[in-house]
Amino acid sequence: MGILSALNSAVGGLGAQSFALENISGNIANSATTGFKRRETFFAELVRSNNSNVARVTSGGVTASSRSTISLDGDVRPSKVGTHLAISGPGFFSVSADPTDSSLAPRYTRAGDFEQFYNSRNALTYLRNGSGYSLMGQNVDPSTGQPVGEKAPITIDKTSQSAKAAQNITYKLNLPTKASTTSKGDAWASPPAGVLAGKVTKADSNDFMDNSIPGGSVTLYDAQGTPSVLQTRWVKLKDDPTSGRGEWAMFYRSVDKPIAATDTAWEQIKSPTSQTGGVMAGGSFFFDKNGKQLDNTSSVALGPITIEGKSFSGLTMNLAATCFADKNGQANVNQLTQDGYSTGEFQGVEIDGNSGVVNYTYSNGQTVKKWQIPIVAFNGANYLKAENGGAYSETVQSGGPIDIHGSLASSALEASNVDISDEFTKLIVTQQAFAANSKVISTSNEMMQSILQIIR
């Protein structure tokens, strides 16, 4: 009977609009939830008649179902917390519901409000978001800087960093064609015999300082992290009048305040290759008339050098030098660095938004790459199963996770993609539709009452 069908359709309409109201309510409730994805209500018609005469087919009932908007981004907003993360575009963070249980399958989320969380059960510190999910990542190989191994919950090791002895010195500079020395000479024409042999004694120090220019200094560290300052000076020697070849000698300060007149104050750092016809006994650095270095000094083995009684062995200097005119007549040092460092206390965690690398920072100025944050995507992201706390788990329809190079921002959070004004509009429409279905029920009831009164 048509009236009963209309009554059933109206009852179904009430249920469908109630379902829509439930989605709207949940969307509004989570409008401030980090990474929340609103759910739309999808209505579908239920056809009750299978009459072949299309002119006799009536409007059927309705069913309501949810449609996810996981693939629609929310706004990315800045945050003052360095470990807060946001993904722009497709992708999800891999997270663990319980980092102490390796048997649990990973879950996936866009809620990147990760902060350091100390787990008293195993005395480890994790990066956990507000919903209790711990961020997963891959260890970074310190030698290659590349991620290795399987994904695992990221842990923060706050132990101090051990000292490292210097092994490599990088030295880049330009030497002037004419040095501006205290002696005012173009070159040191007559160095003492000891200087020619590669050592400057206390007695020759003043003469040496007057005929040399500073080459910069760098602090070296030994295996215990004890610092020593390596000071350098350069001596300009006579140019070859025929070829225009220039000769320079490099020295480092071994003793700051020698006592006896014969004690060594400066020692020569010798070139690994030798050119014939030089003023020094050996080991000078030579430049052609165009300012190009003639020696292969990309790797100068310093051997054991001694600074204030402390010996450094195994040092290699990577030298890149030129000899061009300089108006000040001084050495222009572009870089003088070394790779050693002292013991450092753990200071904090920094996340590089471009690479997704978790770095540890230490009080000695060192930054060490520790973890790589992977971003995964799904072919059917909107078919992921929603879990509590803004997380998702994979389904047959979503497919498995695929590692991608997503766009990651640190010190940022993705806001909910709920538009309050849009939800209020849908709320009004839903209310009106619910009221209209209620009116259909009232009308159907009145018609039924009219029929029942016929038989009286």
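Every number in this text was worked out from the coordinates using simple rules, so none of it is lab data. Keep in mind that this is a model prediction, so the values were computed, not measured. Note: ideal-geometry Cβ built from the backbone for every residue, glycine included; neighbour counts use all protein chains shown.
Taking 20 °C and 1.002 mPa s as the conditions, I'd like the Stokes-Einstein D for the chain in µm²/s, using the Kirkwood hydrodynamic radius from alpha carbon pairs. Don't skip to the end; give the middle numbers.
Details: Rh = 29.1 Å.
Approximately 74 µm²/s, per Stokes-Einstein.
I'd like the FRET efficiency for Lys310 and Ala32, computed as 1/(1 + (r/R0)^6) with the beta carbon distance as r and R0 of 60 Å, rounded to 0.05. Calculated value: 0.50. Taking θ as phi - 60° and the Karplus parameters 6.51, -1.76 and 1.60, the scalar couplings of region 373-385 work out to 8, x, 10, 10, 10, 10, 5, x, 4, 6, 9, 5, 8 Hz in sequence order, x denoting glycine and proline. The stretch between Leu124 and Lys172, if pulled fully straight at 0.36 nm per residue, gains 12.9 nm over its current Cα-Cα span.
Just subtract the alpha-carbon distance of Met448 and Ser407 from 0.36 nm times their residue separation and send over the number in nm, one decimal.
Working: separation 41, 0.36 × 41 = 14.76 nm, distance 6.23 nm.
Here the segment from Met448 to Ser407 would lengthen by 8.5 nm.
Projecting label points 7 angstrom from Cα along Cα→Cβ for Asp263 and Glu45 puts them 10.4 nm apart.
Maximal additional length on extending the Ala281-Thr242 stretch stands at 12.0 nm, based on 0.36 nm per residue less the C-alpha distance. Label sites at Glu150 and Val255, each approximated as a point 7 angstrom past Cα along Cα to Cβ, lie 6.2 nm apart.
The angle between the Cα long axis of helix 2-29 and the longest principal axis of the Cα atoms of the chain comes to about 20 degrees, rounded to the nearest 10. Taking a label point 7 Å from the Cα of Ala203 along the Cα→Cβ vector, which residues of region 246-266 have an amide N closer than 18 Å to it? The answer is 258-266, whose backbone nitrogens lie closer than 18 Å to the label point.
Given only helices, namely DSSP H runs of n ≥ 4 each adding -39500 (n - 2.57), what is the per-residue ellipticity at 222 nm of the chain, to the nearest 500 deg cm²/dmol?
Numbers: 4 runs with 73 residues, N = 456.
Calculated from helices alone, the mean residue ellipticity at 222 nm is -5500 deg cm²/dmol.
Under the simplified labelling scheme, the Gln116-Ala435 pair shows an inter-label distance of 5.7 nm, with each label point 7 Å from Cα along Cα→Cβ. Inter-part distance, region 379-456 to region 197-240, computed on C-alpha centroids, equals 77 Å.
The simple Förster model, with R0 at 60 Å and r as the Cβ-Cβ distance, assigns Thr361 and Asn8 a FRET efficiency of 0.35.
For the chain, the longest principal axis of the Cα atoms and the long axis of helix 420-454 meet at an angle of about 10 degrees. For the chain, the relative contact order comes to 23 percent (Cα pairs under 8 Å, sequence separation of at least 6). List the residues of region 83-97 whose backbone N lies under 20 Å from a point placed 7 Å from the Cα of Tyr383 along the Cα-to-Cβ direction. Under cut-off, by backbone N: 90-92. Across region 412-444, the residues whose backbone nitrogen lies under 12 Å from the label position 7 Å along the beta-carbon direction of Val81 are 412-414.
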